[in-house]
Amino acid sequence: MTRLTPTRAWAATILFTAFAALPLIAGALDDSYLIVIATRILAYAIAALALDLILGYGGMVSFGHAAYLGIGAYAVAILSRAGITDLGAHLLAAILVAAVFALITGAISLRTRGIYFIMITLAFAQMGYFFFVSLSAYGGDDGVTLNARSTIFGQPLLENNTALYYTALALLIGLYLLAVAITRSRFGRVLTGTRENPIRMQAIGFSPFRYQLTAYVISGCMASIAGVMLANQASYVSPSFMDWHRSGELVVMVVFGGIGNLLGAIAGATIALLLEEWLAILTDHWPILFGLILVLVVLYSRDGLSGLFRRSKS
């Protein structure tokens, strides 16, 4: 049962078609900066999608998911310094390290619940942050500039901003379809059940811990892919990629779009970053305005923007 409902299928088609058409619009407007912003949006959309998988369907409020952005970003920096520039190698290394980190930290964090889970995921992320701050060989707190972007089959195809954009879009679409398949599968239904009533799920023979840990590892791996794309987009990597503020931004994006709605997480990341760009033009105090907008959205619709969309149709 992995198919999308007709409404969500149409919404996904419209959203991804709009993303695919954006480089054409940027070309018509002769504004290459649009591609740069949009690539950053796609990377954060992947991270928000990853977080919503465990937050919306597993009830796990992670305040340390930026750690996986940093793992992905530093996989690019470290391997590039070693002469390994292939994008596939960067993605594979990021996923493997993220899986190990998520498996270890998740196994410990999931022994707790509620605010304790939030705080322990934050603590592990900060441990990662200070670990990379201590790496003087990679610039420490100042970070490191990448000499070049990842290559594909030895070719510097991603040096072209449009190629990098479409690569990020392809990854986002693929991960979205993967997340939909997971949530619609038996595994996803059990995961949702553990969110609603873990004791009852255990009583009927399922192990909430194993399902939640598996989902946590998958989510961390997905977020690390976002880190790889962010590093290539910025051509720069620093510990700030995994700061707790970044984790908070990811949570805001998911809440903004609607918790438990994968497409909403993507839309939330898109609108949140666009608002950040537009409000920053108006005033240096844009976070105040952004906060007011977020409060209004949450007060009017607990399901975020996706809830507002459904309400407007009814």
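Normalised by 2.2 N^0.38 Å, where N is the number of residues, the C-alpha radius of gyration of the chain stands at 0.97. Each of the trypsin sites (Lys or Arg not before Pro) that DSSP puts in a loop and that has at most 15 other Cβ atoms within 10 Å breaks the chain; the longest unbroken stretch is 114-301. Over the chain, accessible surface divided per residue gives 47 Å², non-protein components excluded, 1.4 Å probe. Here's the picture: charge each Lys and Arg Cβ at +1 and each Asp and Glu Cβ at -1 in the chain, and of Ala38, Phe131, Leu169 the one pushed furthest to the positive end of that dipole is Leu169. What separates the Cα centres of the range 167-196 and the range 230-306 is a distance of 21 Å. Site pair Glu277 and Ser134 shows an inter-label distance of 3.9 nm when each label is modelled 7 Å from Cα along Cα→Cβ. Using only side-chain charges placed at the Cβ, +1 for Lys and Arg and -1 for Asp and Glu, the dipole size of the range 55-210 relative to its Cα centre rounds to 800 debye. The stretch between Phe209 and Phe153 holds 16.2 nm of extra length on full extension. This uses 0.36 nm per residue minus the Cα-Cα distance.
The sum of -39500 (n - 2.57) across all DSSP H runs of n ≥ 4, divided by the residue count of the chain, sets its helix-only mean residue ellipticity at 222 nm to -25500 deg cm²/dmol. Taking 30 Å as R0, compute the FRET efficiency from the Cβ-Cβ separation of Asn160 and Ala82 and round it to 0.05. According to the calculation, E is roughly 0.80.
Look at the alpha carbon pairs under 8 Å that are at least 6 residues apart: their mean separation over the length of the chain gives a relative contact order of 33 percent. Calculate the FRET efficiency for Val298 and Ala9 from the Cβ-Cβ distance with a Förster distance of 35 Å, rounded to the nearest 0.05. Efficiency at R0 = 35 Å is approximately 0.80.
The values are calculated or read from the model by the stated rules, or taken from the named source; none is laboratory data. Model, not experiment: these values are computed from the prediction. Cβ coordinates were reconstructed from backbone atoms using ideal geometry, including for glycine residues, and neighbour counts include every protein chain displayed. Accessible surface is based on the protein model in full, side chains and every heavy atom, while ligands, DNA and RNA are left aside. Shrake-Rupley method; radii C 1.70, N 1.55, O 1.52, S 1.80 Å.
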